[in-house]
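> Next up is a structure, given as structure tokens.
What follows is calculated from the coordinates using simple rules that are stated; it is not laboratory data. Everything numeric in this text was worked out from a predicted model, so none of it was measured. For neighbour counting, all protein chains shown are included, and Cβ atoms are generated from backbone atoms with ideal geometry for every residue, glycine included.
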Amino acid sequence: MSAQSPEVLAVFHGSDAFPIDWAEGERELFWVLDDLHCPNPVSPMFFDIGGWWLTCDHMFRRFATPFACDWIAKSINDYVYTAAVPADAGVRVEATEYQARYVPRVPRDPEQPERLAPYLDWTLPHYAESFTAGWRDRLRPEIERNFAYLDGRLAEEPPLLELAVLLEDAIDVHDRHWKIHWLLNFGQFAATMALIETMREVRGEANETLVGRLQSSVDDRNWDSIEALWQMKEEIKADEELTAAFAAERDEVLPRLEASEPGRRFLRERLDPYRLEFGNRSIWSHEFVYPTWREQPGPIVEAIRSYLASDYDYPAAIEGVRRDLEAAVEELMGPVTPGADRDRLLAALQRATAMNPLTPDHHFFIDQGTNARLRLVLVAIGRRLVEAGLLDDPEDVVFLRYNELRALMADPSAVAARDVVSQRRSEREAAIALRPPEWAGTATAEALAFPYLANWGFPDRFHRSLAAAREEVSGLGASPGVAEGTARLVDSPEQFDSVEEGDILVCKMTNPAWVIVFTKIAGLVTDSGGVVSHPAVLSREFGIPSVVGTSVATERIATGDRLRVDGTAGTVAILERAAVRA
């Protein structure tokens, strides 16, 4: 750590209810629960080879960042916690078996950030200006070629030995794609920070809500998937047999479609292509436990049923986002008189907004698409191990660790796989019953200043008093407006069909798989997230008032409570308790 110890604001090093084992140098760091990506316990295999943090060492060293030299993860009671390692840290951090083999971490020269600051200031603007074209012309085609290779090899249903090698290929692809992710992220971060700084210089302030509105996108793969669902909805409405099939009970829709020629044609020409193109997502894409829509198309059927029930109007929705983005641009630029300052602000705005589609696009290609391929390879290996009598379920493979799996594939006697899987499944069930604290370790002002913590709503979440009035929950105003409605707590896709028109969705976190409920809800409240997190962006795109980063919404609010969500003030008033009405 640095020679001069920073002032400690608070510590949490574990408790009887949430014990923590610390390695040397870990407890001095500030660890944040990654409820943005992994709000639930994670599988051992995902933690070893699937995490977004695995290439952060490369990112921070490439740019010689002054605020951190690495961004690492720790599994605490099966929950993912992440911490930024200070730029002048002289400690070697603990690595997973996979990282220790392939990504050895060594201390960074503490003088490097200062020495390379001119390089960082020189290159980052170029990344911000050039990345859109680089993504379109070079990086996205590279990702698509990698996907074509992995999908083609999986379609051949290769034997176990070839699958073992394919897993290594998929890991290499994962590492490469996440390096691309961080290049994109740094370019986008530089463009956004430059816009905010220019806003302050020209306008005297940088309104956080306005910055969020300026980050909306109207042309990306997320909207493509929504448009495709809407097109299917429109086709179903125009056909009596298809309408009747989708009006059936949820489990009867696919059998009804398969029983008629129009239904079979719909499956062949519409649903199956959608599944292959847009189905590389799951309820939580940052984990291997959850089946993808590609494997189990039930969520796609539910999305279509939701669109039918609400008669979702895609053209109106996209036009609403476009109008709001234009209004936000006018709000920013309108008061600025012509001249050098206006030209400078407009240039910063254009650089930042040009990258807006890359937020949903990188999630589509990397967070969803890349992790999905790793899962599909693992499950294919699991099927071979079931055939060999070594596992009971192909999904069991994700409860092994990376090197345990490699040892088992080469020598069936090397690992008592069934016993290990049984124990790990039991541990996961026990972990699900826990309510993990939102941070651990040592909190300092320096640690809370790590720029990327804003994605989790820090430092606001740290400083916000948990002693607020019981009948009000505070968070970050993510999408303006006020909505009243009935609270509906949702933890999984199995609960999506319980969401009714006009409900207030209350959940830990969302990702693009949750978009199917956004056509119904009147408001959104989450435990996690900042103003540029997925629920914030999506709620703005759908024009839904939202409050994110509350930390305690799912604990304090119950299904059936009557809520008022103020997405401007960042407050959620509990107007009436469900038990009182009952």
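> Could you tell me what fraction of 2.2 N^0.38 Å the Cα radius of gyration of region 229-303 comes to, as a two-decimal ratio? Display every interim value, and only then the final one.
Values: Rg = 12.7 Å, N = 75, 2.2 N^0.38 = 11.3 Å.
Relative to the rule-of-thumb radius for its length, region 229-303 sits at 1.12.
> Averaged across orientations, what area in nm² does the convex hull of the alpha carbons in the chain project? Spell out each step's value before the answer.
Details: hull surface 113.1 nm².
Orientation-averaged projected area of the Cα hull: 28.3 nm².
> Out of 526, 186, 474, whose Cα points farthest toward the positive end of the dipole of the chain (charges: +1 Lys, Arg; -1 Asp, Glu; placed on Cβ)?
186
> Does region 265-311 come out rounded, prolate or oblate, given a ≥ b ≥ c as the square roots of the eigenvalues of its C-alpha gyration tensor, rounded meaning a/c under 1.5 and, failing that, prolate meaning a/b above b/c?
Since a/c reaches 1.5 but b/c is at least a/b, the shape of region 265-311 is classed as oblate.
> Next question, about the same structure. Order these peptides, 155-163, 334-342, 182-190, by their mean beta-carbon neighbour count within 10 angstrom, highest first. Can you show the working numbers first?
Working: 155-163: 12.4, 334-342: 10.2, 182-190: 21.3.
So the peptides 155-163, 334-342, 182-190, ranked by packing, come out 182-190, 155-163, 334-342.
> According to the Cα gyration tensor, what semi-axes, each the square root of 5 times an eigenvalue, does the equivalent ellipsoid of region 228-359 have, listed from largest to smallest in whole Å? The partial results should precede the final answer.
Working: eigenvalues 351, 69, 25 Å².
Whole-Å semi-axes of the equivalent ellipsoid: 42, 19, 11.
> Could you state the principal axis extents of the C-alpha atoms in region 465-581, from the largest down, to the nearest angstrom?
Taking the Cα atoms of region 465-581, the three principal extents are 32, 27, 21 Å.
> Among 383, 281, rank each residue by its count of other Cβ atoms within 10 Å, from fewest to most, as a rough exposure measure.
Values: 383 17, 281 25.
Listing 383, 281 from fewest to most nearby Cβ atoms yields 383, 281.
> 7 Å from Cα along Cα→Cβ at both residue 219 and residue 13: what's the point-to-point distance in nm?
That separation, rounded to one decimal, is 5.5 nm.
> Separate question: If R0 is 30 Å, what FRET efficiency do you get for residue 575 and residue 555 from their C-beta distance, rounded to 0.05? Mind dumping the intermediate values first?
Working: r = 18 Å, r/R0 = 0.61.
Efficiency computed from Cβ-Cβ geometry: 0.95.
> For region 176-241, treating each Cα as an identical point scatterer without solvent, what Debye log10 I(q)/I(0) comes out at q = 0.25, 0.26 1/Å?
Results for region 176-241 at q = 0.25, 0.26 Å⁻¹ read -1.06, -1.08.
> Moving to a separate point now. Run through the DSSP bridge list for the chain and note the antiparallel percent, rounded to the nearest 5. All intermediate terms of the calculation are to be shown ahead of the outcome.
Details: 33 of 42 bridges.
Just about 80 percent of them are antiparallel.
> Sorted from largest to smallest, which semi-axis lengths in Å does the alpha carbon gyration tensor of region 118-399 give for its equivalent ellipsoid, taking the root of 5 times each eigenvalue?
Values: eigenvalues 325, 160, 35 Å².
Computed over region 118-399, the values are 40, 28, 13 Å.
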